[in-house]
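Student: I have a structure here, written as structure tokens, and I will follow up with some questions on it.
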Amino acid sequence: MRSKKKIIRNINPDPKYKRKDIAKFINYIMKRGKKSKAQKILYKAFDIIKKKTDKDPLEIFDKAIDNISPRVEVRSRRIGGANYQIPYKTDAQRRFILASRWILNAARSKKGQPMANKLAIELIQASKGEGSAFQKKESVHRMAKANKAFAHFAN
């Protein structure tokens with residue numbers, strides 16, 4: 001039986017920059033419902049980016065998300081008793097979700113600094129096409145390229 005239809009909730013833009021994608025990113029940072037703490041982390045990270053690069057932090061954020069967003073991903077599918085990794089194109093919403101998740105996981109995996117510093121460093125690296133989040137994207141693309149032969153199994 002198919003699952004229920006996904007409910008797409010309307011999200012309010014963040015109070016400082018009035019952008020929905022930043023509000024979404026704040027929600028991904030948030031743990032245990034502490035939204036104000038998540039907002040402080042992101043805004044402080046943006047201040048650090050501004051100091052380090054002398055560029056607009058929103059520009060760096062957009063470039064980082066664009067660089068980390070995967071164009072294709074692999075999904076496992078069972079066909080005739082064998083599991084195949086089938087490459088699928090990702091839609092824009094899924095791209096943003098994966099990019100945000102990878103950037104935050106990369107920032108959280110670093111040790112010994114406040115989260116705002118780690119997030120700022122990861123966003124700067126991602127905007128340059130470096131860092132562990134970018135490596136994650138590259139590995140996903142390599143996996144999809146390796147399994148291109150099974151693309152005809154995709155529906």
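Student: Taking into account only those residues within the range 114-155 that are closer than 27 Å to Lys40 by Cα and of a type in the set (Asp, Glu), which is farthest from the chain's Cα centre (by Cα)?
Tutor: Per the stated criteria, the residue is Glu130.
Student: Among Ile41, Ile49, Ile86, which is in a strand (DSSP E or B), within 29 Å of Ser139 (Cβ to Cβ) and of a type in the set (Val, Ile, Thr)? Spell out the reasoning first.
Tutor: Values: Ile41 fails: in a strand (DSSP E or B); Ile49 fails: in a strand (DSSP E or B).
Answer to the selection: Ile86.
Student: Still on this structure, please answer the following. Tell me which of these Asp91 doesn't satisfy, since it passes every other one: (1) under 17 Å from the mean Cα position of the chain (by Cα); (2) exposed (fewer than 12 other Cβ atoms within 10 Å of the Cβ); (3) farther than 30 Å from Phe46 by Cα.
Tutor: Here Asp91 clears every test but (3).
Student: Identify, from the list Asp91, Asp14, the residue that is modelled with pLDDT under 95 and within 24 Å of Glu138 (Cβ to Cβ). Walk me through it before giving the result.
Tutor: Values: Asp14 fails: within 24 Å of Glu138 (Cβ to Cβ).
On inspection, the qualifying residue turns out to be Asp91.
Student: If I ask for residues that are part of a strand (DSSP E or B), under 19 Å from the mean Cα position of the chain (by Cα) and either surrounded by 15 or more Cβ atoms within 10 Å (Cβ to Cβ) or touching a residue at least 24 places away in the same chain (Cβ under 8 Å) (or both), which ones from the range 67-83 would you list?
Tutor: Val72, Glu73, Val74
Student: For Ala64, all conditions in the list (1) free of Cβ contacts under 8 Å to residues at least 12 places away in the same chain; (2) closer than 24 Å to Gly129 by Cα; (3) touching a helix residue (DSSP H, G or I) at 6+ places or on another chain (Cβ under 7 Å); (4) not polar (S, T, N, Q) hold save one; what is the number of the exception?
Tutor: So Ala64 meets the others, but not (1).
Student: Of all residues in the range 120-143, count the ones that are of a type in the set (Ser, Thr, Tyr) and either touching a Lys or Arg at 6+ places or on another chain (Cβ under 7 Å) or assigned to a loop (DSSP other than H, G, I, E, B) (or both).
Tutor: Taking the range 120-143 first, the residues of a type in the set (Ser, Thr, Tyr) are 127, 132, 139.
Of the ones still in play, those that are also either touching a Lys or Arg at 6+ places or on another chain (Cβ under 7 Å) or assigned to a loop (DSSP other than H, G, I, E, B) (or both) are 127.
Counting residues in the range 120-143 that are of a type in the set (Ser, Thr, Tyr) and either touching a Lys or Arg at 6+ places or on another chain (Cβ under 7 Å) or assigned to a loop (DSSP other than H, G, I, E, B) (or both) gives 1.
Results for (1) at pLDDT 90 or above; (2) basic (Lys, Arg), shown as yes or no for each residue.
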residue: Ile60; (1), (2): yes, no
residue: Ile79; (1), (2): no, no
residue: Asn83; (1), (2): no, no
residue: Lys110; (1), (2): yes, yes
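Student: For the range 42-93, name all the residues that are farther than 19 Å from Phe25 by Cα, touching a Phe, Trp or Tyr at 6+ places or on another chain (Cβ under 8 Å) and of a type in the set (A, V, I, L, M).
Tutor: Matches in the range 42-93: Val72, Val74, Ile79, Ile86.
Student: Can I ask one more? Go through the range 67-114 and give me each residue that's among the hydroxyl-bearing types (Ser, Thr, Tyr) and touching a helix residue (DSSP H, G or I) at 6+ places or on another chain (Cβ under 8 Å).
Tutor: Going residue by residue through the range 67-114, those that are among the hydroxyl-bearing types (Ser, Thr, Tyr) are 69, 76, 84, 88, 90, 100, 109.
Result: Ser69, Tyr84, Thr90, Ser100, Ser109.
The values are calculated or read from the model by the stated rules, or taken from the named source; none is laboratory data. Everything quoted here is computed from the prediction, not taken from an experiment. Note: ideal-geometry Cβ built from the backbone for every residue, glycine included; neighbour counts use all protein chains shown.
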